[in-house]
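The values are calculated or read from the model by the stated rules, or taken from the named source; none is laboratory data. Since the structure is predicted, the reported quantities are computational estimates derived from the model, not experimental observations. So basically every Cβ, Gly included, is an ideal-geometry build from the backbone, and we count neighbours across all protein chains shown.
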Amino acid sequence: MHIFDIIALFIFLAGLFIYLNTYFLKLPSSIGLMILALVLSVVILTAGALIPALKIEAVELEEYDYAEVLYQVVLSFMLFSGALNIDFKKLSRQRTPVLVLATTGVFISTVVIGTLVYFMLDFIGIHLDYMFCLVFGALISPTDPIAVTKFIQRFNLSKDLEIKIEGESLFNDGIAVVLALTMLDIAAAQEDHVLTGFEVAYIFVADIGGGIFIGLFLGYLGYRLLQYIDNEEVEVEILITLAIVMAGSFLADFIHVSSKQAAVVMGLVIGNEGKTDHVSGAAGDYVFKFWGLMEESLAAMLFVLIGLEMLVIPLRLDYFAAGFFAVNIVLLGRWASVFIPIKLMSVKQHFDKSTIPVLTWGALRGGLPIALSLSLPEFHGRDIIITMTYIVVVCSVLYQGLSVPVLMRGYAGKEES
């Protein structure tokens with residue numbers, strides 16, 4: 001099977017899943033797609049066990065390296081489309097808690113999860129370098145705002161709380177991705193020699209600073225081009241945004257800086273400058289609709305991909321045990337990353353009593369951690385990271401996602417009384 005045939009299969013299954021979820025399951029997209037992906041995985045594994053020929057064909061998927069496609073295209077597209085919808089005016093009232101939670105919170109989550117996972121794996125007899133444990137802590141930190149914000153709207157909770165959740169989720173995507181990839185660079189550099197503090201700081205600054213510079217340059221260039229094009233020329237505007245994202249990814253990788261940070265900054269520039277009254281919408285509505293569709297489609301394809309990727313992951317009991325331990329560790333890390341900053345900020349700023357519980361339990365993991373884990377290069381421990389990521393995402397989407405309405409209903413009732 002050719003690689004393009006596999007991509008076509010992913011697109012077909014993604015479309016089928018969206019249709020089935022929309023008209024039959026009628027669940028939030030993350031939950032519905034995850035259930036269908038699990039069903040697909042069970043069907044394929046069962047068919048492979050019953051019919052050896054099908055199992056052989058499934059294992060042949062291992063010959064294809066998805067990392068390049070995921071790293072170069074999927075991650076950049078998802079981060080750009082997510083940043084494109086961040087409205088600084090909407091976030092202005094909550095900009096301090098949003099930025100603190102999306103930055104300090106990600107660092108706290110990464111350290112807590114990475115450290116506890118390191119000791120947990122050592123306890124059950126699996127060796128994974130501490131730096132790679134931090135990579136896992138960073139890549140599992142991004143949250144999916146879509147499902148939980150719909151629940152908030154349904155139960156009429158605080159509008160400020162909705163803005164905090166949506167804004168933090170959109171910002172922490174790019175920060176967590178850059179942190180994970182930078183940790184990966186540090187781990188690779190440490191194989192040659194022990195890094196000094198200056199070298200570690202330099203890697204962070206070079207990755208993030210270089211990505212921001214490229215993002216600002218290409219984002220402003222794209223904005224100026226969109227300004228001169230009539231909004232009726234829909235296809236031209238869409239092609240321009242596609243071109244700058246691909247160019248940013250190529251240029252950033254060429255000079256060895258963060259292409260993901262560049263994608264986030266480009267999305268912020270186009271999304272906010274393109275909507276200003278001064279230019280009367282430099283980017284037409286169809287540009288935002290196209291990228292919204294792109295984000296939803298890629299997320300659906302990622303759930304299909306993780307279902308098929310399970311066919312080539314070693315089905316080891318200790319790996320799955322580590323994954324279920326990691327579920328609780330990730331929840332603890334999320335609670336710490338929310339509790340500590342909010343308690344510090346509450347000295348000068350008011351927070352609703354439901355903020356910490358909702359931000360903690362409503363932090364569903366979506367397609368981004370899956371894409372990031374699958375895009376990791378080969379190293380000792382990659383399989384355990386992919387397995388833990390898969391189990392955490394499944395449990396997060398199903399267990400937390402299905403129980404979030406109960407939490408929301410409880411706090412809605414308290415607020416009404």
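One table, with the values for the structure above:
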quantity: Sole residue being of a type outside the set (Val, Ile, Thr), assigned to a helix (DSSP H, G or I), modelled with pLDDT of 70 or more and touching a helix residue (DSSP H, G or I) at 6+ places or on another chain (Cβ under 8 Å), chosen from 54, 101, 61; calculated: 101
quantity: When residues of the range 406-416 are limited to those that are modelled with pLDDT under 80 and of a type outside the set (Lys, Arg), the one surrounded by the fewest Cβ atoms within 10 Å (Cβ to Cβ); calculated: 416
quantity: Matching entry among 352, 383 (being part of a loop (DSSP other than H, G, I, E, B), of a type in the set (Asp, Glu), touching a helix residue (DSSP H, G or I) at 6+ places or on another chain (Cβ under 9 Å) and in contact (Cβ under 8 Å) with a residue 12 or more places away in the chain); calculated: 352
quantity: Residues of the range 201-230 that turn out to be buried (at least 16 other Cβ atoms within 10 Å of the Cβ) and farther than 24 Å from residue 264 by Cβ, as a count; calculated: 0
quantity: When residues of the range 305-335 are limited to those that are modelled with pLDDT of 95 or more, buried (at least 17 other Cβ atoms within 10 Å of the Cβ) and among the aliphatic types (A, V, I, L, M), the one farthest from the chain's Cα centre (by Cα); calculated: 322
quantity: Of the criteria (1) surrounded by fewer than 17 Cβ atoms within 10 Å (Cβ to Cβ); (2) part of a helix (DSSP H, G or I); (3) modelled with pLDDT of 80 or more, which one residue 198 fails; calculated: (3)
quantity: Only one of 160, 173, 185, 192 that is among the acidic types (Asp, Glu), modelled with pLDDT under 80 and not in a helix (DSSP H, G or I); calculated: 192
quantity: Residues satisfying the stated conditions in the range 372-395, i.e. buried (at least 24 other Cβ atoms within 10 Å of the Cβ) and small (Gly, Ala, Ser); calculated: 373
quantity: So residue 398, is it more than 18 Å from the chain's Cα centre (by Cα) and either surrounded by fewer than 19 Cβ atoms within 10 Å (Cβ to Cβ) or of a type in the set (Phe, Trp, Tyr) (or both); calculated: no
quantity: Odd one out for residue 363, checked against (1) over 20 Å from residue 305 (Cβ atoms); (2) among the aliphatic types (A, V, I, L, M); (3) at pLDDT 80 or above; (4) surrounded by fewer than 24 Cβ atoms within 10 Å (Cβ to Cβ); calculated: (4)
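Listed here are the residues, each with its yes/no results for (1) closer than 18 Å to residue 174 by Cα; (2) among the charged types (D, E, K, R); (3) at pLDDT 80 or above.
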site: 236; (1), (2), (3): no, no, yes
site: 240; (1), (2), (3): no, no, yes
site: 244; (1), (2), (3): yes, no, yes
site: 254; (1), (2), (3): no, no, yes
site: 258; (1), (2), (3): yes, no, no
site: 267; (1), (2), (3): yes, no, yes
site: 274; (1), (2), (3): no, no, no
site: 280; (1), (2), (3): no, no, no
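Table: residues versus (1) in a helix (DSSP H, G or I); (2) under 18 Å from residue 371 (Cβ atoms); (3) free of Cβ contacts under 8 Å to residues at least 40 places away in the same chain; (4) acidic (Asp, Glu).
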| site | (1), (2), (3), (4) |
| --- | --- |
| 167 | yes, no, no, no |
| 180 | yes, yes, no, no |
| 205 | yes, no, yes, no |
| 212 | yes, no, no, no |
| 217 | yes, no, yes, no |
| 221 | yes, no, yes, no |
| 239 | yes, no, yes, no |
| 248 | yes, yes, no, no |
| 268 | yes, no, no, no |
